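Accompanying notes for the structure given below.
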2 protein chains.
Amino acid sequence: MGDKVKYLLEESQIPKRWYNIQADLPKPAPPVLHPGTLQPVGPDDLAPLFPMALIMQEVSTEREVEIPEPVREVYRQWRPSPLFRARRLEKALGTPAKIFYKYEGVSPAGSHKPNTAVAQAFYNKQEGITKLSTETGAGQWGSSLAFAGALFGLEVKVFMVRVSYDQKPYRRALMETYGARCLPSPSDTTQFGRSVLEKDPKHPGSLGIAISEAVEIAATNDDTKYALGSVLNHVLLHQTVIGLEAIEQMAMADAYPDVIVGCTGGGSNFAGIAFPFIGAGLRGGAKPRIVAVEPAACPSLTRGKYAYDFGDTGHMTPLAKMHTLGSTFTPPGFHAGGLRYHGMSPLLSHMKELGLLEAVAYHQTECFKAGVTFARAEGILPAPEANHAVKGAIEEALRCKREGKAETILFNLCGHGHFDMQAYIDYTQGKLVDQNYDEKELAMALAGLPSVPEPA
Amino acid sequence: MGDKVKYLLEESQIPKRWYNIQADLPKPAPPVLHPGTLQPVGPDDLAPLFPMALIMQEVSTEREVEIPEPVREVYRQWRPSPLFRARRLEKALGTPAKIFYKYEGVSPAGSHKPNTAVAQAFYNKQEGITKLSTETGAGQWGSSLAFAGALFGLEVKVFMVRVSYDQKPYRRALMETYGARCLPSPSDTTQFGRSVLEKDPKHPGSLGIAISEAVEIAATNDDTKYALGSVLNHVLLHQTVIGLEAIEQMAMADAYPDVIVGCTGGGSNFAGIAFPFIGAGLRGGAKPRIVAVEPAACPSLTRGKYAYDFGDTGHMTPLAKMHTLGSTFTPPGFHAGGLRYHGMSPLLSHMKELGLLEAVAYHQTECFKAGVTFARAEGILPAPEANHAVKGAIEEALRCKREGKAETILFNLCGHGHFDMQAYIDYTQGKLVDQNYDEKELAMALAGLPSVPEPA
């Protein structure tokens, strides 16, 4: 056999601490504001929604945060996840580049989401919480929290965007098999859901609406907290196990990335692979190029405004400064449901402003084409979200070919596409079309951003 | 962290040789017969269907067969597959038993089938073949051969049982994404298919009919060979990588199985895990109990007759002595499509007669109940076929609990259920019913077995 194709670590090499990039940033991210007072929110403001341990992680500037032993106990079923060298893909592309990918589809729920779902379930359980509410788009996050809830004995209620609820019964079935309850959103079980249904009984739903419903349930029930699958600092923190492992695995391969690629919706899988490498660079190490790939139909990093905005449609969340398309913006219904969010993680947005990362946007058909090329070479069928990262990595590899450079490319393959086969059918049958957002709607949504005075 | 939950081997520890149990059996299995002459078939009789390397493996009595380097190159993407200790399941059951499972769902196609698909594609390619034809029921085998075909540049044509073709579009989409062509069987592209459609234009198809169609294509086209996903000796041989790895991994866990459990349709995943352990026993080592679990609605090992029969409905295959329900027997349409076959591997059938294994049959609802218990404890959602093995293992663990015995149970979790979510929906909604075969039909099918004189 030639050189290795997969780099494995032992259970004992699962990181013992998550990496907090807030410790190494040259400038802290702008504070999250209370929407009424426009003053920075304090822990007490967030206490109805999250357990205190997570609130403390949200604002921590300690470089390392210990991973609780019961969380590592669960991690070790699929972590450390494998790092692959994509030798057959390199050959298919005829590139001199070395392509590596970290594969998070090995988790029971099939994506990176359990990395934080398990941690969030643990901290909630520890603080005596018995119920969690959350939202889900395509279902990756909902099924991950359902899995984590089953392990820690927590009741999980998932508000699933209605159009996905109807079109993706299999992700719903996975959540229900794990024992979670799944409701189509907008639902008649929340005040906000009812207000939306009153105006439009057939409303297809959106991630912003589902967040409002899940937040409302948590805010109005003492035994229930809210869990979010991306965007927030503590979520990105938990995902850093990906990059921390990848650093060890790249060393096993005697390599270091020149460029790191990931797809971005709320930003969690991208931060997971990139933060530990960016942090090493900030502390004086090598500085790989960091490329975020987002859908052209929902391009918060490349076309959004860096401004304070709400995280949800019902305006129940605090205000965060982020790249946003406006909380009233409704992205077209493309297949990568996990990337259909109007905002971007405030931390990643801030780092974009600091020049620590690049962003690029691609349409879905070119991403599916890349995904099929990948599947035929490597065997693994990527999720539609992950196809964006694959596309970004292939573009980098082809650039290397043009330039005759043997660069090392690392990308995060954040999940498999087994629950997204309809999208592949549409692609194969030529029915997949590239959808553009409405420029006027975007302009209106941006014009409607809340007015927040610049801090002194 | 406590003791390990997963036992991993390095790429370099992928077995270098498959294990051939025919070397260690106290008595050879009866020969396969030509249906016309009733004489043992020779290599030339099989040459229209298979490359000579596979024909030679079919009849080999060498204990070890070298795994070609290009096959190991592909294996190393997911092999060695992990061995898990099911600690959370043990706790949920309150059993003193130690439960281990080998997980084959980590392959790109999601089951153990690529272990032989890759080998078969390799040998065909090596002998200059450019096209492969095969059949598939639920789609596990078809998608595995499609994957292998993509790697070795072979055109793959899959005859998919029509009822599955219509009801399981996602498995079909996976095959097509890998570049294979998928046809509903009975089709109008073969003489046999047309003869079936003439009698019944809406015939739902069966595995036996699909085999006849795929065999016909290979027999009548020089550039095309046939590939079978189970039953045959060489297929079982290729699957022994499972058990060979498991022996090493059990040693890492400082344990040895008292009982080994697997599900049986044609027998390949079961043989894969069991043969290396049975062989060690035949050569003087410990003799674990070996338990085959089959569907009560298609119980070839527990209710079939040990007799010569055809492998297909169109009677194009040679005659093999096996536990059979009769080649005209049509099993009810339960969800574990991979176990819906009228016959059992001749080698396993012979070993059952030699008393080397036990068999037990369960209905599908009790198997799904076991699968959901497993998923909530271990996270992994098993395929409907694998749920039979889970059920068997849980029954053994509960027996240990009753008897107060801390036995070691090893079972093969041969694949995940991501493409079988409709079955889980049916189960969750209480729509899954246990189907019984028709006793009269079985009696008729058995009465219609070909008449073959006992050899002297």
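The values are calculated or read from the model by the stated rules, or taken from the named source; none is laboratory data. Bear in mind that the values here come from a model prediction, so they are computed numbers and not experimental data. Heads up, the Cβs are rebuilt from the backbone with ideal geometry, glycines too, and the neighbour counts pull from every protein chain shown. When the accessible area is computed, the model is the full protein with side chains, heavy atoms only, and any ligands, DNA or RNA have been set aside. Shrake-Rupley method; radii C 1.70, N 1.55, O 1.52, S 1.80 Å.
One table, with the values for the structure above:
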quantity	calculated
Mean separation of Cα contacts under 8 Å, 6 or more apart, over the residue count of the stretch A:229-347: relative contact order %	26 percent
Chain A - convex hull of the alpha-carbon atoms, volume per residue in Å³	139 Å³
Shielding by partners - mean other protein chain Cβ count within 10 Å, residues of A:370-377	3
Cα-only Debye scattering, the protein assembly as shown: base-10 log of I(q)/I(0) at q = 0.06, 0.10 Å⁻¹	-0.40, -1.09
Cα shape, the stretch B:84-218, gyration tensor, a/c 1.5 rule	oblate
Of A:K391/B:K125; B:K4/B:K102; A:K352/A:K391; A:K16/A:K98; B:K168/B:K305; A:K391/B:K6, those spanning more than 23 Å from alpha-carbon to alpha-carbon	A:K391/B:K125; A:K16/A:K98; B:K168/B:K305; A:K391/B:K6
Dipole of the stretch B:328-382, positive end: most advanced residue of B:V360, B:A377, B:L348 [Cβ charges, Cα centre]	B:A377
Distant-in-sequence amide H partners of B:E135 (H built 1.01 Å from N, under 5 Å)	B:F159
Amide H within-cut-off set for B:R289, under 5 Å, with H built and near neighbours excluded	B:V259, B:I260
Shielded by partner chains, the stretch A:6-28 residues - at least 40 Å² of accessible area, 1.4 Å probe, vs chain alone	A:K6, A:L8, A:E10, A:E11
Relative contact order (%) - criterion: Cα under 8 Å, at least six apart; region: the stretch B:287-331	35 percent
Farthest positive-ward along the stretch B:3-121 dipole, Cα basis, beta-carbon charges - from B:G110, B:F100, B:I14	B:F100
Computed over the stretch B:223-262, the ratio Rg/Rh where both radii use C-alpha atoms and Rh is Kirkwood	1.19
Counting DSSP beta bridges with both ends in chain B, the antiparallel % (nearest 5)	35 percent
Listed residues A:F270, A:S206, A:T428: farthest to the positive end of the dipole of chain A (Cβ charges)	A:T428
For the stretch A:240-394, size of Cβ-based charge dipole, Lys and Arg +1, Asp and Glu -1, in debye	320 debye
Net charge dipole size for chain A [Lys, Arg +1 and Asp, Glu -1 on Cβ; Debye, nearest 20]	1200 debye
Beta bridge orientation in the protein assembly as shown: antiparallel %, DSSP, nearest 5	35 percent
Alpha carbon centroid spacing (whole Å) that separates the stretch B:338-399 from the stretch A:260-332	46 Å
5 angstrom amide H check on A:Y362, placed H, neighbours 5+ away	A:E294, A:A296
Residue-averaged beta-carbon neighbours from other chains (10 angstrom radius) around B:416-425	5
Protection proxy ranking, peptides A:100-113, B:3-16, average beta carbon neighbours within 10 Å, highest first	A:100-113, B:3-16
Projected-area average for the stretch A:226-295 over all orientations - Cα convex hull basis, square nanometres	5.0 nm²
Teacher prompt: B:R181 distances to equivalent labels in other copies, 7 Å Cα→Cβ, nm	5.2
Net charge dipole size for the stretch A:315-376 [Lys, Arg +1 and Asp, Glu -1 on Cβ; Debye, nearest 20]	140 debye
Residue-normalised accessible area of chain B, expressed per residue, 1.4 Å probe, Å²	34 Å²
Whole-number percent relative contact order across chain B, with pairs defined as alpha carbons under 8 Å at least 6 apart	19 percent
At 7 Å out from Cα toward Cβ: A:P35 inter-copy label distances (nm, ascending)	7.2
Estimated translational D of the stretch B:242-369 in µm²/s (Stokes, Kirkwood radius over Cα pairs; 4 °C; 1.567 mPa s)	84 µm²/s
Where labels lie 7 Å past Cα in the beta-carbon direction, separation of B:R194 and B:T37 in nm	3.1 nm
Chains B and A together, accessible area buried on both sides, 1.4 angstrom probe, square angstrom	4500 Å²
For B:167-179, mean number of other protein chain Cβ atoms within 10 Å	5
Carbon/sulfur fraction of accessible area - chain B, other protein chains in place, 1.4 Å, %	51 percent
Pairwise FRET efficiency - A:T220 versus A:D44, Cβ, R0 = 25 Å, nearest 0.05	0.90
Under 14 Å from A:K27, Cα to Cα: aspartates and glutamates that are on another chain or at least 8 residues apart	A:E353
Taking only Cα atoms of the stretch B:315-415, radius of gyration then Dmax in Å	15.9, 52
Neighbour net charge for B:I260 - beta-carbon separation under 11 angstrom, K R +1, D E -1	0
